[in-house]
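The next block holds one structure in the form of C-alpha cells; read it before the comments.
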Amino acid sequence: MEDSHELHAFLQNVTYEMRAEYDRIFRRTREDPGTAGDEGESNWASLLSDWLPADVYVATKGRILAADGSASPQVDVVVLAGDYPRKLRDKKLYLAGGVLAAFECKNTLRKEHLAKVFINAQKISELKKPKKGNFYGEAFSPITYGLLAHSHEWSPDRATQIIDAEIKRLHAMAKHPRHLPCLVTISDLQTWQLHYDPLRPLAAEPPFQKQEIGKQGKGNWSYVAASMFMRWVPLDFDFAPGKGPQIAKERPNPIGELLLYLLRHLAHKDFDRSGMASYYQEAGLSGGTGSLDMKYWDLPEVYSELVISILKGNDWSALEKLGNTSARSLP
C-alpha cells in the first residue's frame, strides 16, 4: 500500500492530543468530577470547531428549545448553523431551528450511558418537524445526535463486543428510525454509525434475509426499509489512498470517521459539504464497515402519507423533485 495520506497523520495527532487530555483529566476526576466533565466537553467542542466548516458554530452545555416552547434534556455540545443569531450564541437555550447537531460527551463511557443516549435521541428528534417527502428527512432526526467519549471502562479486548451487544439491544426497541442516535465515537476505540436503506426490494433479498424480515414481522410491501449500525471490521484487502472507495485493512481513525459522517449529514441538511466529504472518503477516513445488525421497517411505519401515496402510484418521478436523488444507503 502507498504511504499514508497526510490527512491521516493530522488526525493521528488529534487522537494523541485527546488521549493526553483524557489522562490529564482522569487524574483529577475523583477530586472534582464536575470540572473533569466540563474539560472533556471542551475538548470535543474544540475538536469540532477546528475541523467542521467555518460557517458553523460550536457551543457547549445547554438545552434545545423547540418552537412550541418545550426543551430537550441537557446536551453537552451543539453545532449551530451559520445563520444562527450571534446575539443568542451564548444563551444556554439553543433554538432548535438553528441546531444542526448535538452531542452527549463522556470522559469514560459506561454501559448505562448508551441507554440514556438512545432515550434522549428520541426526545431530541421530536424538537423539529421532519422534512416531509424526503427519505433522509423522514428517516433521520432533524438534529444529528450522538455520543462522544474519550475512552471506556472495559478491557480493550472486550469493549467493542460489549458495545455492539448493547447497541443491538437498544436498536431493536426503537419505534422509528428517526428516534435513533446517529453515532457513538470513542476516540481510542471505534466509531459506530447509523445508516439507513430507504427502499430495499423484497424480490432481490437473499433467502436468509427474507427469513429475517419475516421473523421481524415485516415484508407486507414489495419493498422494505432498513436501519443498521455499522463499524469498522477488518478486511483482507484494501485500496491505495485516493483510489477509493477506501476499505482499510487497518483500523481507521475513529475521529476521522466521525468527521466524515458528520459532513455527510451536513450535506443532507441543505448545506454544500459534499466536496470535503468526498475528499475524506477518497483519502480513506471511512475505513471498511460491517453491519452489526439490521432492523427492517415496512414503509408506512417510516414515511409520511405524501411519500406512501407516490410509492403506491406508477410514477415515482415526484420523489426526485422532493430531493430524493438516490435510494442507496444514507447518509
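The values are calculated or read from the model by the stated rules, or taken from the named source; none is laboratory data. Values in this document were obtained by computation on a predicted structure and should not be read as measured data. Note that we place each Cβ from the backbone using ideal geometry, even for glycine, and neighbour counts take in every protein chain shown. Areas reflect the complete protein model, heavy atoms only, side chains present, ligands, DNA and RNA absent. Shrake-Rupley method; radii C 1.70, N 1.55, O 1.52, S 1.80 Å.
Tabulated data for the structure shown
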read-out	value
Checklist (1) open to solvent by 30 Å² or more (accessible area, probe 1.4 Å); (2) touching a residue at least 12 places away in the same chain (Cβ under 8 Å); (3) among the aliphatic types (A, V, I, L, M); (4) out of contact with any Phe, Trp or Tyr (no Cβ under 7 Å at 6 or more places or on another chain) applied to VAL117, failing item	(1)
Count of the range 273-331 residues which are open to solvent by 20 Å² or more (accessible area, probe 1.4 Å) and aromatic (Phe, Trp, Tyr)	2
Only one of TYR16, TYR22, TYR94 that is under 23 Å from GLN190 (Cα atoms) and in contact with a helix residue (DSSP H, G or I) (Cβ under 9 Å, 6 or more places away or on another chain)	TYR22
Residue within the range 306-320 that is on the phi < 0 side of the Ramachandran plot, assigned to a helix (DSSP H, G or I), in contact with a strand residue (DSSP E or B) (Cβ under 6 Å, 6 or more places away or on another chain) and touching a residue at least 60 places away in the same chain (Cβ under 8 Å) present	no
Which listed residue, of LEU148, LEU183, is touching a residue at least 40 places away in the same chain (Cβ under 8 Å), in contact with a Cys (Cβ under 8 Å, 6 or more places away or on another chain) and within 25 Å of TYR16 (Cβ to Cβ)	LEU148
Test: residue in the range 127-143 that is under 18 Å from the mean Cα position of the chain (by Cα), among the aliphatic types (A, V, I, L, M), open to solvent by 70 Å² or more (accessible area, probe 1.4 Å) and at pLDDT 95 or above	no
Identity of the residue in the range 212-227, open to solvent by less than 30 Å² (accessible area, probe 1.4 Å) and part of a strand (DSSP E or B), that ends up farthest from PRO201 (Cα to Cα)	SER227
ASP197 vs. criteria in a loop (DSSP other than H, G, I, E, B) and either charged (D, E, K, R) or crowded, with 18+ Cβ neighbours inside 10 Å (or both)	no
Cross-chain or 6+ apart pairs with Cβ under 7 Å, the range 216-235 first and closer than 18 Å to TYR261 by Cα, then part of a loop (DSSP other than H, G, I, E, B) and among the small types (Gly, Ala, Ser)	TRP232/GLY287; TRP232/GLY288; VAL233/GLY288
Matching strands (runs of 3 or more DSSP E) fully within the range 1-100 where at least 1 residues are surrounded by 18 or more Cβ atoms within 10 Å (Cβ to Cβ) and among the β-branched types (Val, Ile, Thr)	57-65, 75-80
